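One structure is given below, encoded as structure tokens.
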Amino acid sequence: MKRINNSVLALSLFMGMAAINAQEKKQLTLDEAVQLGIQNSKNLKIDAAKIEEATADLLEAKNRQLPELKVSGSYMYLPIKPTVDLKLSGVSGGGAPEVHQVAYGSMNLSVPVYNGGRIKYGIQSAKYLVEASKLSTENDKIAIAYNVAQAYNNLFKANQSIKVLEENLTASQKRDETFLKLENNGVIARNDRLKANLQTSNIELQLLEAKNNYNIANINMDLLLGIPETIEIEVDQNYIDEGSEVKAVDYYVNEAKENRKDLQALAQQRKAAELGSKSAKAENLPSIAFTGGYVAADIPKFLTIYNAVNVGVGVSYNLSNIWKENSSLRQSQAREKQLAATDELLNDNIKLDVNREYQNTDYSKKRIAVYEKAAEQANENYRITKNKYDNGLATMTELLDADAAQISSNVGVINAKADAALAYRKLLQTTGTLTFK
């Protein structure tokens, strides 16, 4: 393996640390990060606009039950004398006055009485769709809470890896100093000292990679939370103790059926679709309304009308419905079938998701015990190998291999605990019970 220039690596580490130190630091617990992510989520802003749109549709549906009052008026000037031929008995057309202007106005009132229930169904359907929009927003909040937790977890793992590698780099550098003295005193060969130096360089490379991953994770976290990318987030590792008590899988399946917001939103959409079919059937029924109006007109020197008030009942029926097929009804019924199939598919997916995440949670918890056992073995192996090496019973290669195994195992324990905490949160997300304060 090609030897890495230690001075260049040291300079890179120094520059990376200088960049981090120049950042503003902000300590956040996981719950605080989740709250901040929800508060600044751009997806939730889109959801809020969708709720406003659904609410406007509800207002429009309610407006249909209110009276319609229309007022119109007009004034016309006639530059050319019109020909007026009155057919009234005893009135001569030649003696008609000259007409140069006409003014008239009207006011019409219509109060809906019966329309087959279309207005009532429309209002109730719009209410269901507003509720569905709100439930979809709650579902998105839960998804955002998990996404923030996932980013927080990545940031924590990257930070912990840096700490472990920094500790091992310090120990490796001290060992290099010791081996250099031993080489100068003729105790060890130069080749053994170079092997130790190479191990140090490898740790430095791992540390550079860990710092790079940490910086990327930090920027991703800043963007999720809606804060400037220059802020360095300090995580609180207490969250890794979550999920210590996991119940039977049936419990989580039942929780999902009761709490999944997307399932509840779909139920509201199905209710709205059912009312849409009823409204479509009502199109074949007549509409009845009370009507009223007022008309006034003035043609100077010829005709004046005022106090022309009328009241009555209006009936409207589209006779073409007799031979035309109700396409709106067929569309609405197809929508009902589509939502029913979607509901069945979603229920199946929920069962699959809950069972999968339950298994992942159980697997993650078991991994912790395995990694802890491996770390204990690796630490003991390094201690024994170090004693053997000091007494000339082990080679330099064996010592360096034991050291590398110790680093990998210790990082593995930290990552396993963090992954288990995240797996438990994912399980809660699939049940719709992931909380956010």
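Assuming charge only on the beta carbon of Lys and Arg (+1) and of Asp and Glu (-1), the dipole of the chain about its Cα centre is about 1060 debye to the nearest 20.
Seen against the Cα atoms of the chain and their longest principal axis, helix 249-259 is set at about 30 degrees. Taken per residue, the accessible surface of the chain reaches 59 Å², heavy atoms only and a 1.4 Å probe. Close amide-amide hydrogen proximity is noted between Ile188 and Glu183, each under 5 Å apart and 5 or more residues distant or on a separate chain (H modeled in the peptide plane; Pro and chain starts excluded).
Counting protein heavy atoms only, the chain has 53 percent of its accessible area on carbon and sulfur, 1.4 angstrom probe. Relative to the longest principal axis of the chain, what angle (0 to 90°, nearest 10) does the C-alpha long axis of helix 327-390 take? The answer is roughly 10 degrees. The packing ranking, built from the mean of other Cβ atoms within 10 Å per residue, places the peptides 143-156, 381-394 in the order 143-156, 381-394, highest first. For the range 286-338, trypsin sites (Lys or Arg not before Pro) are listed when DSSP marks them as loop and at most 15 other Cβ atoms sit within 10 Å of their Cβ; the list is Lys301, Lys324.
Expressed as a whole percent, the proportion of Cα-Cα pairs in the range 149-260 lying more than 20 Å apart is 62%.
Listed values for the range 266-271 are Karplus-derived 3J(HN,Hα) couplings in whole Hz (6.51 cos²θ - 1.76 cosθ + 1.60, θ = phi - 60°), namely 5, 4, 5, 5, 5, 5, and x replaces Gly and Pro. Just to check, using Stokes-Einstein with a Kirkwood Rh over alpha carbon pairs, what's the diffusion coefficient of the chain at 37 °C and 0.692 mPa s in µm²/s? Roughly 110 µm²/s, to the nearest whole number. Shown are Val315, Val235, whose ranking by accessible area with a 1.4 Å probe and every protein chain present, most to least, is Val315, Val235.
Estimated translational diffusion coefficient (Stokes-Einstein, Kirkwood radius over Cα pairs, 25 °C, 0.890 mPa s) of the range 265-327: 152 µm² per second. Give the angle, between 0 and 90 degrees and rounded to the nearest 10, that separates the Cα long axis of helix 118-184 from the longest principal axis of the Cα atoms of the chain. For helix 118-184, the angle is close to 20 degrees. Among the GluC sites (Glu not before Pro) in the range 276-357, those located in a DSSP loop and surrounded by at most 13 other Cβ atoms within 10 Å of their own Cβ are Glu325. The listed residues Tyr104, Tyr252, Tyr294, once ranked by accessible area (1.4 Å probe) with the largest placed first, stand as Tyr104, Tyr294, Tyr252.
The values are calculated or read from the model by the stated rules, or taken from the named source; none is laboratory data. Predicted model, so just to flag it, every value in this text is computed and none were measured. Every residue, glycine among them, receives a Cβ derived from its backbone with ideal geometry; neighbour counts consider all protein chains shown. Heavy atoms of the whole protein, side chains included, go into the accessibility calculation; ligands, DNA and RNA do not. Shrake-Rupley method; radii C 1.70, N 1.55, O 1.52, S 1.80 Å.
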